[in-house]
Amino acid sequence: MKRIALGVQYDGTAFNGYQKQPDRNTVQDRLEIALEKFARVELGTTCAGRTDTGVHALEQVVHFDTDLSRGMQSWVRGVNAFLPDAIAVRWATEVPEHPGQEFHARFAAFARTYHYVLYNNPIRSPLLVGRAGWVFRPLDVDLMRAAAQCLVGTHDFSAFRSSQCQAKSPVKQMHAVNIERHGEVIVFSLRASAFLHHMVRNLIGSLIYVGQGRHAPGWLRDVLEGRDRNDAAPTFMPDGLYLAKIDYDPKWGLPHEAARPLPWF
């Protein structure tokens, strides 16, 4: 049996999240349907991280096992032929075994990066619906950067955790939080060991509160240390959220792509 890893990109607007459901309108459902049509055998997949309804991926990583002998470009082109326009396999590679270790899309990952794209303009743009969040009030990026400094490090992120979160522990290591303005678009980039359910969207909502001047930057630290979800801002819209990158040990030889959340950045 071979273990094949795929890099999958998708626009999550039309799907009910990544993980398969009875209605079969999820990214995983559509991917596995396409795999079965191409391979003519059912192939179950495992992903690096499940995304919610409306959330996109620049590079989701999945793996599956098969005894079929196909070229890697055949997996890419063949599976894409059966996928809807909103999903594409960008690369495929056979992952070698290492002594005592086997690649696993989820458990072999040591960090994840998400981008959140936010349109900051008094008037909404129909061209960005589903692809970027929107805030019509002016935002102070410097205030948001000052507030975000407290997030870096190992913390209990219970204040930004969904009540439906199934993670065993709310303690995660945040490696970096970067906030950049590109004209009327603000891009938040968060890299952590892992993320809790709705954690990024809850953090973005709270940072927006600071950027609007509703709270001073120090308020975010108080919320983080208080560990009470009721103290943070409401969960922000999913439209601008992108799973951007999954980090693995180079020994696995995955052909990662460098991708930005929107093509003009």
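Derivation of every value follows stated rules applied to the coordinates shown; laboratory data play no part. The model shown is predicted, which means the values in this text are computed figures rather than measured ones. Every residue, glycine as well, gets a Cβ built from its backbone with ideal geometry; the counts of neighbours run over all protein chains shown.
Derived from the Cα gyration tensor, the three semi-axes of the equivalent ellipsoid of segment 116-265 are 23, 22, 14 Å, largest first. The distance separating the Cα centre of segment 20-55 from that of segment 99-167 comes to 24 Å. Roughly how tilted is helix 27-39, in degrees to the nearest 10 and between 0 and 90, from the longest Cα axis of the chain? Taking the Cα atoms of the chain, the angle to 27-39 is about 20 degrees.
Using every pair of distinct Cα positions in segment 26-85, the Kirkwood expression returns a hydrodynamic radius of 12.3 angstrom. Placing +1 on the Cβ of every Lys and Arg and -1 on the Cβ of every Asp and Glu, with nothing else charged, gives segment 187-242 a dipole about its Cα centre of roughly 100 debye.
Taking DSSP loops as anything outside H, G, I, E and B, show the longest stretch in the chain free of GluC sites (Glu not before Pro) there with at most 15 other beta carbons within 10 Å.
103-183
A viscosity of 1.306 mPa s and a temperature of 10 °C, combined with the Kirkwood radius over Cα pairs in Stokes-Einstein, give a translational diffusion coefficient for the chain of 82 µm²/s. Averaging the sequence gap over all C-alpha pairs within less than 8 Å and six or more residues apart, then dividing by the number of residues, gives the chain a relative contact order of 23 percent.
Normalised by the number of residues in segment 15-167, the mean separation of alpha-carbon contacts (under 8 Å, six or more apart) gives a relative contact order of 16 percent. The packing ranking of peptides 195-207, 139-151, highest mean first, is 195-207, 139-151, where packing means the average number of other beta carbon atoms within 10 angstrom of each residue.
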